[in-house]
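The values are calculated or read from the model by the stated rules, or taken from the named source; none is laboratory data. What you see is a predicted model; the values in this text were computed from it and never measured. Every residue, glycine among them, receives a Cβ derived from its backbone with ideal geometry; neighbour counts consider all protein chains shown.
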Amino acid sequence: MRLIVTEKNIAAKKIAEILAGGKLEQDSFYKIPYYIFNGDTDEKNMVVGLKGHVLKVDFPSDYSDWRKVKPSDLIDAPLIKEATAKSVVRTVKKLAGEADSLVIATDYDREGELIGMEARDLALEANPDLMRSVKRARFSSLAASEINEAFASLGELSEPLAMAGEARQDIDLIWGATLTRFVSLATSRLGRQFLSVGRVQSPTLALIAEREHERRAFKAEPYWVVTADMGTDSERFTATHKEERIWEEERAKEVFEKLTGPGTVCGVKKRDKKVRRPAPFSTTGFVSAATSLGFSAAAAMRVAEGLYMDGYISYPRTDNTVYPKSLEIKSALETLLGGSLDTDIKRLLKETDFKPSRGKKQSTDHPPIYPTGVVKKGDIGDREWRIYELVVRRFLATLSVDAVSQSNRIDLDVNKEQFFVRGSRVVKAGWLSYYPYSRKKDTEIPPLEEGDTAELLDKHLEGKETQPPGRYGQGKLIELMEEYGLGTKATRHNIIQSLYDRGYIHGNPLEPTAMGLKMAEALQEYASHIASPEMTSQLEKDMDAISIRDRTRDQVVETSRKLLREAYGSLEENQEQVANKIWEGITEDSILGPCPTCGENDLRVIRSKKGKRFVGCKGYPECEQTYPLPGRGDIVALHEACPECNTPRIKVLTPRKKPWVICLDMDCPTKDEYKRKKAEQEKGRKTKGRKKK
Ligand SMILES: [Zn+2]
Ligand SMILES: [Zn+2]
């Protein structure tokens, strides 16, 4: 009997269905389902899914007390592997005992190789005879053709690839645990409020902090813009003075004064510009596109992983932006027929020469993300559909042709000052007709010829200011992380999530809290290694070296321990300064704004010993003003007063809910509407309750 182990149950079911080609039985052990079928040669097969990692690397339990163990003792502490999903472990062992051959069919990447090797070791514990017959199935999608092919040409597990995954796991644990405990203890932030430091997390935070410093250092410069509303018999348009930004107010006023009509067209220019079709989707490209549709990076990956499991798209963790030769574009396109995007697909089938665009990165493990199955809108959730459609449309776009956009410019002379109006429109849609997401709206300009005149209808002089560089959105940050080699396609979105969870950043685009800024500053000052991307990208290179047997896992982990000892030493020497700095940030974050009662002091968030929180005045005991706070969610000061009650307004952030902006005074009229709704809900609930009785 052959045992097949996949990464998750849903993949096990899918693979069993494909390989069985019909008759399939299901059984379970300790509530873990597995699937049984007879293969071509009448051999019995069993397929079972893991729950991702079923083992976790950790320190022995005598290291678990934060107060008793010195954080630095963790650097050289032994590492053990513990079962995290005991019933899965039992099931794998039971099935392995009955099997005479084993196929590892986990995801095809470092992580999957490691998960596969862990599963193999569990199986061998139960049945050492399996050693001679362990095989590896590698596939990038759960499409039937690919699964069948993978099982027809089974390979071997790659020990070095798994070791690279294991080295990362160990290093992340050692760094993360040691430094997290150090800063949490140094600042006495224990329990639920602990502060974390991480090998990838901290340099990522440093990137966000750096941008914030740039914004704060930015000096806005004033400039002026002069515009003229002009018109012909049929059309009205707005022209801008050719200097666009006029830096001297005097000069701007002079132009404005001189602005008396009419205007004469003194130049008409048309220029065609090629708009290149996009490259195939790597994880980074995909996440970036999905975030501009309103998904968070983590949500986009979650949805994509679900679609992969259901066989609708290929494996979503990939750096590759070049479709492999083995991918048969035409049949891949035809596979998509019969869904809700048929009109576009049929049109493309007639137009395309099946020569797709290519991106800059080419790798051999996985293809770029492309659709592998067909589904109709409404047959999957709305969010799933939007991501699926994005992947399909991107695939279509990469097979279409470049678009052409025409930019037009008309120059007008108005009393010896030059004004212009610009427009642009797509003259050949090409790929834009399949991928409307990045298509800008056409801006038409009037059909004027040289020498034509236009009346001056109105004129404006506007004062403006230059703007600081914008904060990063999640998509942009993921692109930057890739550029600096921070994290992997599999981890980047989770790293960003943990920055939110630990209270270092909030909002989208990402804004650091004062605590986040101070944390980054403290690390930069006292252990600059930890906050810099170089160390992390070096480790990425070491991982690659392990996977091609240039270095061993132990060598890489040992080097990393040495670096950590240095960084730790420096932090420990400056423990007080580190703690003070972080506390400065925490204190700053707790200040909400001036107290309207005494008008002299600030209001701030106070936590009682029991962990309850409320708002109190810094002037206590002279001013006894307090306000209640919602029990859950992060509180962010908006540094603005409520126009009705004059108390500071705050934003309450609860995971997976829309941020909620409120002022502090419970009796403020702005809360009337909310109270009325709540009362109605209460009433509704009560009547319902009565009916039940
Ligand atoms: Zn007060
Ligand atoms: Zn109010």
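What the table shows:
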{"item": "Only one of I546, I582, I530, I591 that is modelled with pLDDT of 90 or more and closer than 24 Å to R181 by Cβ", "result": "I582"}
{"item": "Criterion (of a type in the set (A, V, I, L, M) and over 17 Å from R277 (Cβ atoms)) met by exactly one of I380, I329, I369, I345", "result": "I380"}
{"item": "Residues of region 473-487 that turn out to be assigned to a loop (DSSP other than H, G, I, E, B) and buried (at least 21 other Cβ atoms within 10 Å of the Cβ), as a count", "result": "2"}
{"item": "Elements of type helices (runs of 4 or more DSSP H) contained in region 296-368, each with 2 or more residues being of a type in the set (V, I, T), free of Cβ contacts under 8 Å to residues at least 40 places away in the same chain and closer than 16 Å to T488 by Cα", "result": "none"}
{"item": "Flag for F286 being modelled with pLDDT of 95 or more and either outside any loop (DSSP other than H, G, I, E, B) or closer than 30 Å to L432 by Cβ (or both)", "result": "yes"}
{"item": "Residue selected from region 607-625 under the condition at pLDDT below 90 and under 25 Å from L190 (Cα atoms), by the criterion surrounded by the most Cβ atoms within 10 Å (Cβ to Cβ)", "result": "R613"}
{"item": "Residue count, region 390-423 (criterion: of a type in the set (G, A, S) and buried (at least 19 other Cβ atoms within 10 Å of the Cβ))", "result": "4"}
{"item": "Residue match in region 39-48 (condition: in contact with a Gly (Cβ under 8 Å, 6 or more places away or on another chain) and in contact (Cβ under 8 Å) with a residue 40 or more places away in the chain)", "result": "yes"}
{"item": "Region 426-451: number of residues that are crowded, with 16+ Cβ neighbours inside 10 Å and under 22 Å from G231 (Cα atoms)", "result": "3"}
{"item": "Hits in region 643-685 - residues which are part of a loop (DSSP other than H, G, I, E, B) and within 16 Å of ligand 1 (Cβ to nearest atom)", "result": "C645, N646, T647, L664, D665"}
{"item": "For T670: the one exception among (1) at pLDDT below 90; (2) under 26 Å from G191 (Cβ atoms); (3) of a type in the set (S, T, Y)", "result": "(2)"}
{"item": "Subset of region 599-628 that is under 20 Å from P643 (Cβ atoms) and in contact (Cβ under 8 Å) with a residue 12 or more places away in the chain - its residue that is nearest to ligand 1 (Cβ to nearest atom)", "result": "Q625"}
{"item": "Residue in region 91-104 that is assigned to a helix (DSSP H, G or I), crowded, with 22+ Cβ neighbours inside 10 Å and among the polar types (S, T, N, Q) present", "result": "yes"}
{"item": "Subset tally (residues that are away from ligand 2 (no atom under 16 Å from the Cβ) and assigned to a strand (DSSP E or B)) for region 596-625", "result": "9"}
{"item": "Any hit, region 574-589, residues being in contact (Cβ under 8 Å) with a residue 12 or more places away in the chain and not in a helix (DSSP H, G or I)", "result": "yes"}
{"item": "Top-ranked residue in region 626-641 [being more than 16 Å from ligand 2 (Cβ to nearest atom) and in a loop (DSSP other than H, G, I, E, B); ranked as surrounded by the fewest Cβ atoms within 10 Å (Cβ to Cβ)]", "result": "G631"}
{"item": "Residue count for region 488-501, restricted to those that are within 22 Å of R189 (Cα to Cα), of a type outside the set (V, I, T) and crowded, with 22+ Cβ neighbours inside 10 Å", "result": "1"}
{"item": "Count of region 414-464 residues which are assigned to a strand (DSSP E or B) and without any contact (Cβ under 8 Å) to a residue 12 or more places away in the chain", "result": "0"}
{"item": "Residues within region 284-337 that are within 19 Å of L399 (Cα to Cα) and touching a Lys or Arg at 6+ places or on another chain (Cβ under 9 Å), tallied", "result": "9"}
{"item": "Region 548-564, subset hydrophobic (A, V, I, L, M, F, W, C) and closer than 12 Å to D170 by Cβ, residue surrounded by the fewest Cβ atoms within 10 Å (Cβ to Cβ)", "result": "V557"}
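For (1) part of a loop (DSSP other than H, G, I, E, B); (2) surrounded by fewer than 18 Cβ atoms within 10 Å (Cβ to Cβ); (3) at pLDDT below 95; (4) touching a Lys or Arg at 6+ places or on another chain (Cβ under 7 Å), each residue gets a yes or a no:
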residue	(1), (2), (3), (4)
Y108	yes, no, yes, yes
R120	no, no, no, no
L124	no, yes, no, no
G198	yes, no, yes, no
P203	no, no, yes, no
